[in-house]
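Rule-based calculations on the coordinates, nothing more; no lab input. In this text, all values refer to a predicted model and were calculated from it rather than measured experimentally. Glycine also receives a Cβ, built like all others from the backbone with ideal geometry; neighbour counts cover every protein chain displayed.
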Amino acid sequence: MKFELPKLSYELDALEPYISKETMEYHYGKHHQTYVTNLNNLIVWTEFENMSLEEIIKKAPAWPIFNNAAQVWNHTFYFTTLNSPKIMMEKAWVWNLYTQENKWKDWTAPKWWTKLVNLMAKKWPHHDDFKKEFSDMALKNFGSGWTWLVLNTAWELEIINTSNAWTPLTTENKPLLTCDIWEHAYYIDCRNVRAKYIENFWSLVDWRLVEERV
Ligand code: MN
């Protein structure tokens, strides 16, 4: 088997109470695994057999090799950007940054998030506006897909939606963060209430990793 399900740096119950162990068992253990298995089966004896995942995504026709390859990549990007809410609270930073200037005035920001915060402050002077715009985009992404924070070629941040397996990897945009808004990502925990899942998502984002991608 060429491609494998990526190891996660956290246990399957680490995202609770925001994403349950049961969701992880299905979403990571079954859905993500199935995309990996399908891709491995599909590329045998094809020109894609010896390509990297990124190469397959850029070169394969839209279906089905592309779909499975892109879904493997998108899910790996999504799951590896999440981490335990306990850890995320310790790293809490940017949510309060724009609205509590005085609090931060005499405090030196860690160097590792300077680039991202500068870009975000330029685009969304009030940080709540970023969170609201991203959440609104995720909420209105019709059907199955992904909502992304990307860095475009003009070195500006943008929030974009993609449908089905589509991914910014096929564009000039550099992906920094994504939220999976396929129903399988939230139906066990939140049933039909996508808004609740999106709100929960904010407690799990590892912003240090997002910063490293800038
Ligand atoms: Mn998914």
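Label positions at Asp128 and Glu16, each projected 7 Å from the Cα along the C-beta direction, are separated by 3.3 nm.
Take the cross-link list Lys7/Lys196; Lys2/Lys58; Lys59/Lys115; Lys7/Lys30; Lys2/Lys174; Lys21/Lys174 and give me the ones stretching past 22 Å between alpha-carbons. Could the numbers behind the result be given before it?
Working: Lys7/Lys196 27 Å; Lys2/Lys58 18 Å; Lys59/Lys115 32 Å; Lys7/Lys30 14 Å; Lys2/Lys174 26 Å; Lys21/Lys174 30 Å.
Pairs exceeding 22 Å: Lys7/Lys196; Lys59/Lys115; Lys2/Lys174; Lys21/Lys174.
Spin-label model, Thr170 to Glu212: label points 7 Å out along the Cα-to-beta-carbon direction sit 2.8 nm apart. If you bin all the Cα-Cα distances of the chain at 10 Å, starting from zero, the percentages per bin are 8, 32, 36, 19, 4, 1, 0.
Between Asn152, Asn141, Val193, the Cα set farthest toward the positive side of the dipole of the chain (charges on each charged residue's Cβ, about the Cα centre) is that of Asn152.
For a Förster distance of 25 Å, can you work out the FRET efficiency between the beta-carbons of Thr46 and Glu183, rounded to the nearest 0.05?
Values: r = 31 Å, r/R0 = 1.23.
Result of the calculation: an efficiency of 0.25.
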